[in-house]
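Student: Questions regarding the structure given below will be posed in turn.
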Amino acid sequence: MPGTQVQQERTRPQERAAAQVMPPVDDLVIVLDFGAQYSQLIARRIRELRVYSLILPFDIRLEDLLALKPKGIILSGGPASVYEDNAPRCDPALFGTGVPTLGICYGMQFMAHVLGGETGPAVRKEFGRTRLFVDEPERDGRLFRGLERRLICWMSHGDTVHRLPAGFETLAHSDHTPHAAVADPARRLFGLQFHPEVSHTPWGAEVLRNFVYNVCGCAPSWTMASFVEQAAGEIAAEVDGGRAICALSGGVDSSAAAALVFRAIGDRLTCVFVDHGLLRLGEAERVVGVFRDHFGMPLVHVDARARFLDRLRGVADPEHKRTLIGQEFITVFAEEAERLGRPEFLVQGTLYPDVIESGTRTAARIKTHHNVGGLPAVMPFRLIEPFRTLFKDEVRVVARTLGLPDELVGRHPFPGPGLAIRVLGDVTEERLAVLRQADAIVTGEIRRAGLSRDIWQAFAVLLPVQSVGVAGDARTYGNVVAVRAVTSEDGMTADWARLPADLLETISNRITGEVKGVSRVVYDISSKPPATIEWE
Ligand code: XMP
């Protein structure tokens, strides 16, 4: 439940936020994160089993952990070795609580280590596809119930458990790992040296299913629709007659967060949409239309175009642009919050990848995505971040459940600094107008070709150079527009999209034919890395 200011100071931000947004579910499986690449994947697999799951730091206090009443706990893998000085440790008293606990890779090694077993470097390290032989008697079937006796699993470990603690037995082995799966049934402790969460372990989801359903006794009752209902109830209780504001960008995350909180507290939520003049063609009207007309939400539409352009005049350096836009956004937002009588709560559409990218210790800090992260201390908001445990595609499902229009749900990401980082060099009203028109052609044609969903992001960039052309019989010296379209899973790496040549031709012809002053169109064929998705 939401804390008072006093409670907020007692616990660390990430735990606090987890407790704040915990939907009141009956069945919860917690993943303790020991620094694995795959912690998010584990939580996701559990949610795919329709059981709610969230990730918490490995050293959360045991009483805070148990207060969440988990039906099961999974200890993730991690890069450390248990015998290193600063190896991450959870409270070993966890293993005596009777809460079913599954250690994966490092999690299993840690469990064995603190319970009196022996863990050390593996004689033969195993990486990648590995044969797994199930030793668990079929009649006992816990983790391997219903599975073949010979399986394929995916290993990635340098250490291994050489000797099991008292009470443990081996459930499976591989060619070079005698204890590849282990259990202490009496204490309801389990361990896997392999990674059941990755797709390269073909029956991994079944192993997790057995743990979650059979060992933990969870029921598959959690859905995104129930998440919406439960989260709305929780938010209503949390706000408790108070008021909230939401910095609405019009992207799917902040829009879905606004819609959810609106469902919870109605018009005690006010959305603040700051038009900084760096939006795409028709964007401000679309966002305002959807929220005011479609949802009937109180919305403050701040026309800050002139002041942003003013700040940006003569600024060509990308980092300088970003900083100025960030600062100006904060100033405008602070003014509006003040005008609205300082609501107590601030709603944000923070996602799990935002949390993890911010680092686990500072994860609950406000991200500067919508430039509210640096709000002055005189505006002490309490945060509502209903999606901080979800992934973007999960939020898209929530958004659909909340009735957000398809066009909004499927929107590509759009950077906070907007078109200012796509008009390379000086940002002027004239150059923004050229880019807006070109961008509308790029995105419109890709949509018309039915390719929007296959692409992470597509947009136009106005380059700060001119090039020679010929129109009719006359020489021209016009602008150059670059078209960028990329495919990506998460925006961290990306590849240039192989758009059909006919489509590129249509885009090029339309831009040079319809956008005044543009005589050349180029297609960006760089991947990330070494390039980034945006040009600035
Ligand atoms: P880059 O250019 O770093 O972008 O490859 C990765 C993804 O992040 C978006 N992006 C931003 N989003 N504020 C945002 O909210 C920003 O300042 C920002 N810069 C980049 C970018 O559009 C891409 O999807």
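Student: So which of THR97, THR101 is of a type in the set (Val, Ile, Thr), crowded, with 20+ Cβ neighbours inside 10 Å and at negative phi?
Tutor: THR101
Student: Here is a list of conditions, (1) more than 14 Å from the ligand (Cβ to nearest atom); (2) within 23 Å of ASP495 (Cα to Cα); (3) not charged (D, E, K, R), and ALA433 meets all of them except one; can you say which number that is?
Tutor: Checking ALA433 against (1) more than 14 Å from the ligand (Cβ to nearest atom); (2) within 23 Å of ASP495 (Cα to Cα); (3) not charged (D, E, K, R), the one that fails is (2).
Student: Let me ask something else about it. Filtering segment 243-301 down to residues that are in contact with a Gly (Cβ under 8 Å, 6 or more places away or on another chain) and of a type in the set (Ser, Thr, Tyr), which residue is nearest to ASP439 (Cα to Cα)?
Tutor: Here the residue is SER249.
Student: Okay, moving on. For segment 449-468, give me the residue count where each residue is surrounded by 14 or more Cβ atoms within 10 Å (Cβ to Cβ) and among the β-branched types (Val, Ile, Thr).
Tutor: 2
Student: What single numbered condition from (1) among the β-branched types (Val, Ile, Thr); (2) part of a strand (DSSP E or B); (3) modelled with pLDDT of 95 or more fails to hold for VAL99?
Tutor: Of (1) among the β-branched types (Val, Ile, Thr); (2) part of a strand (DSSP E or B); (3) modelled with pLDDT of 95 or more, only one is false for VAL99: (2).
Student: Taking the condition of being touching a residue at least 40 places away in the same chain (Cβ under 8 Å), buried (at least 17 other Cβ atoms within 10 Å of the Cβ) and within 16 Å of the ligand (Cβ to nearest atom), how many residues in segment 474-523 meet it?
Tutor: Number satisfying all stated conditions: 7.
Student: Please name all residue pairs, on different chains or six or more residues apart, with Cβ atoms under 8 Å, provided the first residue is in segment 453-466 and is among the small types (Gly, Ala, Ser) and the second residue is within 11 Å of the ligand (Cβ to nearest atom).
Tutor: The qualifying pairs are ALA458/HIS412; ALA458/ARG484; ALA458/VAL486; ALA460/ARG422; ALA460/ARG484.
Student: Residues to consider are ILE446, ILE441; find the one that is crowded, with 18+ Cβ neighbours inside 10 Å, at pLDDT 95 or above and within 23 Å of LYS528 (Cα to Cα). I'd like the intermediate steps shown before the answer.
Tutor: Values: ILE441 fails: within 23 Å of LYS528 (Cα to Cα).
On inspection, the qualifying residue turns out to be ILE446.
Student: Being charged (D, E, K, R) and surrounded by fewer than 16 Cβ atoms within 10 Å (Cβ to Cβ) is the filter here, so list the residues in segment 60-90 that pass it. Full working, then the answer.
Tutor: Of all residues in segment 60-90, those charged (D, E, K, R) come to 61, 63-64, 69, 71, 84-85, 89.
Hits for segment 60-90 are ARG61, GLU63, LYS69, GLU84, ASP85, ARG89.
Student: Only one residue in VAL261, VAL198, VAL207 is in contact (Cβ under 8 Å) with a residue 24 or more places away in the chain, assigned by TED's automatic domain parsing to the domain that holds HIS176 and assigned to a helix (DSSP H, G or I), so which one is that?
Tutor: Values: VAL261 fails: assigned by TED's automatic domain parsing to the domain that holds HIS176; VAL198 fails: assigned to a helix (DSSP H, G or I).
Of the residues listed, the single one that is in contact (Cβ under 8 Å) with a residue 24 or more places away in the chain, assigned by TED's automatic domain parsing to the domain that holds HIS176 and assigned to a helix (DSSP H, G or I) is VAL207.
Student: Still on this structure, I have one more. Inside segment 220-245, can you point out the residues that are among the charged types (D, E, K, R) and either at negative phi or part of a helix (DSSP H, G or I) (or both)? Full working, then the answer.
Tutor: Narrowing segment 220-245 to residues among the charged types (D, E, K, R): 229, 234, 238, 240, 243.
Answer for segment 220-245, where residues must be among the charged types (D, E, K, R) and either at negative phi or part of a helix (DSSP H, G or I) (or both): GLU229, GLU234, GLU238, ARG243.
Student: Can we say PRO530 is outside any helix (DSSP H, G or I), touching a residue at least 60 places away in the same chain (Cβ under 8 Å) and either away from the ligand (no atom under 15 Å from the Cβ) or at negative phi (or both)?
Tutor: Judged against the criteria, PRO530 is not a match.
Student: I've got another one for you. Test of understanding: among PHE190, PHE194, PHE133, which residue is over 27 Å from PRO92 (Cβ atoms) and aromatic (Phe, Trp, Tyr)? Before you say what the answer is, go through the steps one by one.
Tutor: Working: PHE190 fails: over 27 Å from PRO92 (Cβ atoms); PHE194 fails: over 27 Å from PRO92 (Cβ atoms).
Within the list PHE190, PHE194, PHE133, the selection yields PHE133.
The values are calculated or read from the model by the stated rules, or taken from the named source; none is laboratory data. As the structure is a computational prediction, the values presented were derived from the model and not from experiment. All Cβ positions, glycine included, derive from the backbone under ideal geometry; neighbour counts span all protein chains shown.
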